[in-house]
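The values are calculated or read from the model by the stated rules, or taken from the named source; none is laboratory data. From a predicted model like this one, the values you see are computed outputs, not experimental measurements. Using ideal geometry, Cβ is built from the backbone for each residue, glycine included, and neighbour counts are taken over all protein chains shown. These accessible areas exclude ligands, DNA and RNA; they are computed on the full protein's heavy atoms, side chains included. Shrake-Rupley method; radii C 1.70, N 1.55, O 1.52, S 1.80 Å.
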Amino acid sequence: MTKVLIVDDEQDIVSFMKDSLQDHGYEVLTAYNSEKALQLLAREPELIILDVMMPGMDGFELCEMIREHIDCPIIFLSARGSVEDRIKGLMVGGDDYLVKPFSMRELHARIMAHLRHEQRRAKKPAKQLYFGHLMIDLDGYAVFYQNKQIAFTTKEFELIKFLALHAGQVFSREQIYEKIWGYDAEGDASTVTEHIKKIRAKLADFNTDSSYIATVWGVGYKWEKQ
């Protein structure tokens, strides 16, 4: 059952949308404020319907925070329908923008369209990996933090790619060396340590809050899940 999160401070609208979506077979989570919405991200919704005008943190700010944790489609709902508002909604990470008052038929159609797109995307091999604001372009051999490219050597990138594709899994230095440099390469596993030091230093120039590569003492290294 597809899980949809509705975030809106108008309880009557939330109740109306919830009933309609449940009638169409969706599991519906509801939040009337940003704090509750952030808590419900742990339930891993597959689509989020997000109001713009809420007390405290508005929908635009909340969307930016959500994008640090989850990559599902976000449909904005708002009484503000100017071109500037629509553009802002898309720029902060939204996928669609629907102006109130709206038709539930249209909302259902947009939900279905976004879910179909996600299903098609899931069938394709990933070309980019996202870890918060860090993006790894697998085909382009490039790493970006908030759209700024971080310069890595080919071997450094291959090491990043290998660990990131297996985020959370621990590998010994020997396993990493054999994977990146090969069985017959001249050198030893200490090369891995030196490369990871350089990678960490370069990443720290852009983000001091996360090292991305964690040391598991006595075992090896792993790429941290964000």
Are there any helices (runs of 4 or more DSSP H) wholly within the stretch 3-114 with 1 or more residues that are touching a Leu at 6+ places or on another chain (Cβ under 8 Å) and open to solvent by less than 30 Å² (accessible area, probe 1.4 Å), and if so which?
11-23, 34-40, 59-66
State the number of residues belonging to the stretch 1-28 that are in contact with a strand residue (DSSP E or B) (Cβ under 6 Å, 6 or more places away or on another chain) and of a type in the set (S, T, N, Q).
1
Unmet requirement for S34, which otherwise passes all of (1) modelled with pLDDT of 90 or more; (2) more than 19 Å from E10 (Cβ to Cβ); (3) among the small types (G, A, S)
(2)
Search result, residues across the stretch 135-149 that are outside any loop (DSSP other than H, G, I, E, B) and among the small types (G, A, S):
A142
Across (1) free of Cβ contacts under 8 Å to residues at least 24 places away in the same chain; (2) among the acidic types (D, E); (3) closer than 21 Å to S20 by Cα, E35 clears everything bar (3)
Among the candidates Q128, Q146, single out the residue that is open to solvent by 60 Å² or more (accessible area, probe 1.4 Å) and touching a residue at least 24 places away in the same chain (Cβ under 8 Å).
Q146
Name the single residue that is most open to solvent (accessible area, probe 1.4 Å) among those in the stretch 150-195 being in contact with a Ser or Thr (Cβ under 8 Å, 6 or more places away or on another chain) and in a helix (DSSP H, G or I).
R173
